[in-house]
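Engineer: Before I ask anything, here is the structure I am working with.
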Amino acid sequence: MISNEDRILVGLSGGKDSLALLSILKERQPRIPIKYELFAVCVDPGFEGGFSEALADYCDRNGFKLIVEHTDYGILAHSSTNRENPCFLCSRLRRKRLFEIADELGCNKLAFGHNKDDIIETLFLNMCYSGEISTMVPFQSFFQGRFTVIRPLAFADEDIISCFAGEKGFPEFVNPCPSAKVSKRQEIKNLLRQLYSSNKKIKGNIFRAMSHVNTDYLLK
């Protein structure tokens, strides 16, 4: 996923996944035979009670320089002018701005902290609300190869990352988004949690199924 001389924008949301990703990428820099640069970026959606400044202070204390982009994307997404799902619009706007910032910084890669659980949840979200079978992938090129999105934690379970975050003592930032606990993703997460509790093999089977697709038995 990472090559020599890469300039990598790390999307920092303040959650345990992105904090773990930044920590791991920073820790391995001096002990591997390739060189790369990291640029931590947080796109603040603009909600009252946001934590971007506290996140920047935490990064500064731990040797990271955080670039904070203040926006009104969250406010816009939850306004009466938006006819789309607020999470969809906010996410799309934030992702677009991250690509723009990557271009401004001369970065060729963008690293996101999505884990195995996120990938499974996205599969179900797309099936239930977009009518297609698709999800996020660990390595994907965009804009004719100008940028590459990487997800180094794609094969890591959320529980493992939570344990790592606890051991590292990462701070917990409260998400002020009004949709944080009532989003479609949270609904899918709750549904999957029920499935997993009935059979410990279900999660692994779903994840493996995404790379074992029998197209002969799909509608065309």
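Engineer: Let a ≥ b ≥ c be the square roots of the eigenvalues of the Cα gyration tensor of the stretch 141-180; is it rounded (a/c under 1.5), or, if not, prolate (a/b larger than b/c) or oblate?
Structural biologist: It is oblate, given that a/c is not under 1.5 and a/b is not larger than b/c.
Engineer: Determine which aspartates and glutamates satisfy two conditions relative to Lys109: a Cα distance under 19 Å, and not lying fewer than 8 residues away in the same chain.
Structural biologist: Glu5, Asp6, Asp17, Glu27, Glu37, Glu69, Glu100
Engineer: Using a simple spin-label model with points 7 Å from Cα along the Cα→Cβ vector, what separation in nm is obtained for Lys201 and Ile24?
Structural biologist: Taking the two extended label points, one gets 2.7 nm.
Engineer: Moving on. Across bins of 5 angstrom width beginning at 0, how are the C-alpha pair distances of the chain distributed, in whole percent?
Structural biologist: 1, 6, 12, 17, 20, 18, 13, 8, 4, 1, 0
Engineer: Can you give the net charge of the other residues whose Cβ lies under 12 Å from the Cβ of Leu66, counting K and R as +1 and D and E as -1?
Structural biologist: Numbers: positive: Arg61, Lys65; negative: Asp44, Glu53, Asp57, Asp60, Glu69.
Computed value for this residue: -3.
Engineer: Okay, next question. Taking the mean number of other Cβ atoms within 10 Å as a proxy for protection, how do you rank 186-197, 82-93 from highest to lowest?
Structural biologist: Numbers: 186-197: 13.4, 82-93: 15.6.
Packing order, densest peptide first, comes out as 82-93, 186-197.
Engineer: Let me ask something else about it. Rg (Å, one decimal) plus Dmax (Å, integer) for the alpha carbons of the stretch 27-96?
Structural biologist: 16.0, 52
Engineer: Something else: Along the Cα→Cβ direction, 7 angstrom out, place labels at Thr81 and Glu100. What is the inter-label distance in nm?
Structural biologist: 1.5 nm
Engineer: Counting Lys +1, Arg +1, Asp -1, Glu -1, what net charge surrounds Leu55 among other residues with beta carbon under 13 Å of its beta carbon?
Structural biologist: Numbers: positive: Lys16, Arg61, Lys65; negative: Asp44, Glu53, Asp57, Asp60, Glu69, Glu172.
For residues surrounding Leu55, the net value is -3.
We did not get these values from a lab; they are worked out from the coordinates using the rules stated. Treat the numbers as computed from the prediction; the structure is a model and nothing was measured. With ideal geometry, Cβ positions are generated from the backbone for all residues, glycine too; neighbour counts draw on all protein chains shown.
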